[in-house]
Structure formats: C-alpha cells, structure tokens
Amino acid sequence: MSSTAQHPAPAPPPPEEANEWRTAQTQFDNAAEIIGLEPELRAILREVQREFTCHFPVRMDDGSVRIFTGYRVQHNINRGPAKGGLRYHPDVSLDEVKALAMWMTWKCAVVSIPYGGAKGGVIVDPRQLSANELEHLTRRFATEISVLIGPDRDIPAPDVNTDPQIMAWFMDTMSMHAGYSVTATVTGKPIDVGGSLGRLEATGRGVMICTVAALEKLGLKPHQVRVAVQGFGNVGSVSARLLEEAGCIVVAVSEDYGGIHNPLGLTVKRVQEYRQQEKTLTGFPGTQEISNQDLLHVDCDVLVPAAIGNQLTSRTAPDVKAKLIVEGANGPTTPEADEIFRRRGILLVPDILANAGGVTVSYFEWVQDLQSFFWSEHEVNQKLGAIMHRAFKEVLSTSEERKIDMRMAAYVQAVSRVAAATRERGLYP
Ligand code: NAD
C-alpha cells in the first residue's frame, strides 16, 4: 500500500536535509569538535572504509530476468568484525547505506560490544516479489557480497523488510558455499537454525528500557504518559507492546500508508493480531485513521519514530507535542530538527543508544553460535537489560557533565572509544 492524498506522508525534508550521509557526517563533525579529535582521526573516521556495489540478475517467476542493485558498506572495523543489517527498500541508496554503516560503528561502541559498523541493502520493493523471487534475490545477493561476509569478518542481520526467514536463506547460501553450516555468519535467524531467544524483541526491548529510564529522568512514571509510535514493523510493534506492558498508554501507531489513533489508548496485542489477520491497521475498531504526518504531531508525551529515516525535519519538528522522543529507527531526525528539539527543551534519546538492543542480542546470538551453547530467554533479557541500563547511565551522565544533548553525549562516548582503538592500532603499513 502506498500513501494516498487522504493520508499524506510527512512533509518531505527540505532537499538539504534529505541526505542521511550528510546527517551522519554532520553529527560526527560536531562530536569531533566537542572532544577535540585530532585532524588525522577526523579524516579517517568521517569516511567509510569499504563500499561495495553489485548489480545482479534474478530469474523472475514469469521466466524473465531482472537486474537488481545492492550494497554492502563497512565503515570501521577497528573494534571487531563488521556488523549491520540488510535493508530491502525502493529508496535504498549508497549514501543511505554509508550513513547506516557509520551509525552501526557508533552504536556498537555506545553499548561496548566488540564490533565495527556495516550495513547493506538492495533497491527493491519486496512486496512486488513472490516468496520464490525473494528467496532467489536473497541467495544471489548473499553470493555477491560473500566476498566480504563471514563470522570473523562481517555479520549481517535483519533491518527494514528483512526478517528471520531471509536470514535463514542467507545463512544457508553461505553454508552451501562453505560445504558445512556456518550459523554465525548472520544473526536474527529463526531459533531452529541458530537464532537466539529474545532477538526478535531485542530492539523494541531496548527502546522500552531507554524510554522508562528517560521518563525517570523527567520525573514521570510510565502510567502517566501517552505514547505514539511511527512504524508497526519489528521495532515499532514490539516497542509499543512492551511500553504498554510497562504501564504506558499507547494512543497511536502507524505504517507507511497511515495509522490509527485513540486518545484513550489502544490494546497493542489486539492491534498486532488485527494487523496479522487483515494485513493493515486501517479499520481497527474504536480508532480514527490518521496520516503519518498527524502521527508525528499527535497529542502525546512520548514519540517513538520506528520506521525510516528523515521523518523529523525542520518542517515537522516544530509541531511535535511530545516531551520525550526515543529513536527506534535509524536516522529519523535531521540535525536541523535536533536543534529545534534542543531549543524547545524536548529530551531525545538517540538511535545509536535507543535501538542498540538489536545489535546487542545479535552479538549474543553470534557468541552462542560460535560456542554452540545456547542461553535461556531470561538470561538473554537479563544481559541485555544490564548493557542497556549501563549505556543509558553513561550517556546521561556525559550529557549532564558536558551540558550537551543525549545525541552528542552518545557520540562523545562512541567516537572516543573508536578513536582510541584506531589510535592504539596505529596506521598500517
Ligand atoms: P520493518 O520492516 O519490520 O518495519 C518497518 C515499518 O515502518 C513498517 O511498519 C512500515 O510500514 C513502516 N514504514 C515504512 N515506511 C514508512 C513511512 N514512510 N512512514 C511511516 N512508516 C513507514 O523494519 P524494522 O526492522 O522494524 O526497522 C524499523 C527501523 O528500525 C529502521 O529504521 C531500522 O533501521 C531500525 N532498526 C531496526 C533494528 C532491527 O533489529 N530490526 C535494529 C535497530 C534499528
């Protein structure tokens, strides 16, 4: 389904704000300035290390052959193997993948897990493909980027429009090439083939943990706040459900075609069941339809953007009502919108902290696969909670000590750690 005139998408960002790579580099430059990073390290870290583009054929169900374009980018691998999701979306571009790879480097450093940052994507609308075509596209794309991929080199995971089934095909393809099962080559797999308990919910769980911690900082209890969530995929739906379980009132959720609103609150589990059955949120009993633009501006206390990038811009930020924004999505806020939120005193928990739960449990999955020793869901959630709470506390105290916002505080932590690793390893040759 696409946006209609009745349900317009949020006002598009002004052209100068539309490029995620420019956003990522601006954020990095600001952080480098704050920590007084030496010029050589600035030059190294503001670029990606490797960018790989491939154009590959897939045989479609009608017998024709279509050429697709895909990317895999590694930003920095000084702290460990590259790690980052694979996105299937018509708007994927090299600049977007570069930005997402750089954010992965910072994210892994914020939560202190031993990975570098990577990202991949294919320009495709998977809803236009049959399951058979999707499998062939995935297996061929896996083969194309396999020159970079492996458990000790670069480990993909799910992102927008990719799921455990796609990760299973990816892992199977890599395993067929190797001649034996290489489960640790990708994370976010189904449990039967080396996935981790708790991975499916991990990003949303991290979002919930950060939201509750940020509310505490604002002197609010979960039951006192109303939440709006943009995006009802993996991150959005789990965040909404866990926030409701934590006591919050979820008043609105949306997908790319629009969303639903009930000022008195939705029962998220029922919305999930309805979405599963009807393949749409529209028509959920007792709710009004709203556009994605309206969702961002709905009367609420907490806004969780959990869809795609560039949603909160200089055009949409002035009308946001929430006092707390927790970024489930990567790059939903442009630097211009950040400035508006700072001026308006809105607290924002940035993506590289708020959605780091996903890569944290991906790390657990990789460790479990390498050891062939699997943990209980309780153990996974407990370890995830400890890491997220510690990271949130560190970022908050950096923000308070240096009198900078949470995004810059997270960057200060992350860039300092990656810079230290890069400095200590020295310049090869
Ligand atoms: P998903 O494919 O499961 O869901 C995406 C959701 O966004 C869908 O509900 C879709 O309808 C909605 N959407 C797409 N375009 C939209 C638009 N223009 N306006 C409003 N809604 C739109 O993807 P996901 O895995 O939930 O990822 C969502 C975001 O979270 C992405 O930014 C992703 O990079 C980020 N993220 C995901 C993970 C993860 O573990 N999956 C981890 C960290 C960050």
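Okay, here's what the table says:
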read-out	value
Compactness relative to 2.2 N^0.38 Å, alpha carbon Rg of the range 144-199	1.03
Table column - 3J(HN,Hα) (Hz), the range 180-194, Karplus curve with 6.51, -1.76, 1.60, x for Gly and Pro	7, 6, 10, 5, 6, 7, 8, 10, x, 7, x, 4, 4, 10, x
Compactness relative to 2.2 N^0.38 Å, alpha carbon Rg of the range 334-392	1.56
For the range 43-86: rounded, prolate or oblate by the Cα gyration tensor [a/c cutoff 1.5]	prolate
Candidates D163, D125, D294: whichever shows maximal mean-square fluctuation once the chain is modelled as a Gaussian network with Cα springs under 10 Å	D125
Angstrom value of the Kirkwood radius, inverse mean 1/r, which spans all Cα pairs in the chain	21.6 Å
The chain, relative contact order [Cα under 8 Å, separation at least 6], %	19 percent
Whole-Hz couplings from phi, Karplus 6.51/-1.76/1.60, listed for the range 278-294; x for Gly and Pro	8, 6, 7, 8, 4, x, 4, x, x, 10, 9, 6, 9, 7, 5, 4, 4
Packing rank of 370-381, 77-88, 334-345, where each peptide gets the mean count of other beta carbons within 10 Å, highest leading	77-88, 334-345, 370-381
Net charge over other residues, Cβ less than 13 angstrom from the Cβ of N161 (K, R count +1; D, E count -1)	-4
Rough spin-label spacing in nm, given labels placed 7 Å along Cα→Cβ, for F52 and A420	3.1 nm
Backbone HN-Hα couplings from phi across the range 417-425 [Karplus 6.51/-1.76/1.60, Hz, Gly and Pro as x]	5, 5, 5, 4, 4, 5, 4, 5, 6
Net charge of neighbours whose Cβ lies under 9 Å from the Cβ of E96, counting Lys and Arg as +1 and Asp and Glu as -1	0
At 0.692 mPa s and 37 °C, Stokes D of the range 124-257 from Kirkwood alpha-carbon radius, µm² per second	196 µm²/s
About the Cα centre, charge dipole magnitude for the chain (Lys/Arg +1, Asp/Glu -1 at Cβ), debye	720 debye
Relative packing of peptides 419-425, 93-99 - highest average C-beta neighbours within 10 Å first	93-99, 419-425
Beta bridges per DSSP with both ends in the chain, % antiparallel, nearest 5	50 percent
Ranked L220, L296, criterion: other C-beta atoms within 10 Å, fewest first	L220, L296
Ordering of 301-308, 172-179, 245-252 by packing [mean C-beta count within 10 Å, highest first]	301-308, 245-252, 172-179
Share, in percent, of DSSP beta bridges within the range 64-132 that are antiparallel, nearest 5	50 percent
Label-point separation in nm, T280 to I191, each point 7 Å along Cα→Cβ	3.4 nm
Spin-label pair M60/F373, simplified geometry with 7 Å Cα→Cβ offset, distance in nm	5.0 nm
Amide hydrogen neighbours beyond the local backbone of L312, cut-off 5 Å, H modeled	T333, T334
Residue-span extension gain [E245 to E40] - 0.36 nm each, minus C-alpha spacing	69.0 nm
Diffusion constant of the range 97-172 at 4 °C, which comes from Stokes-Einstein with the Kirkwood Cα-pair radius and 1.567 mPa s, µm²/s	96 µm²/s
Formal net charge of residues neighbouring I290 (Cβ-Cβ distance under 12 Å; K, R +1; D, E -1)	-4
For the chain, built as a Gaussian network whose Cα springs stay under 10 Å, the top-fluctuating residue of V395, V418, V225	V225
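Bear in mind that the values in this text are calculations on the coordinates, not laboratory data. These figures come from a predicted structure and were not determined experimentally. FYI the Cβ positions are ideal-geometry reconstructions off the backbone, even for glycines, and counts take in every protein chain you see.
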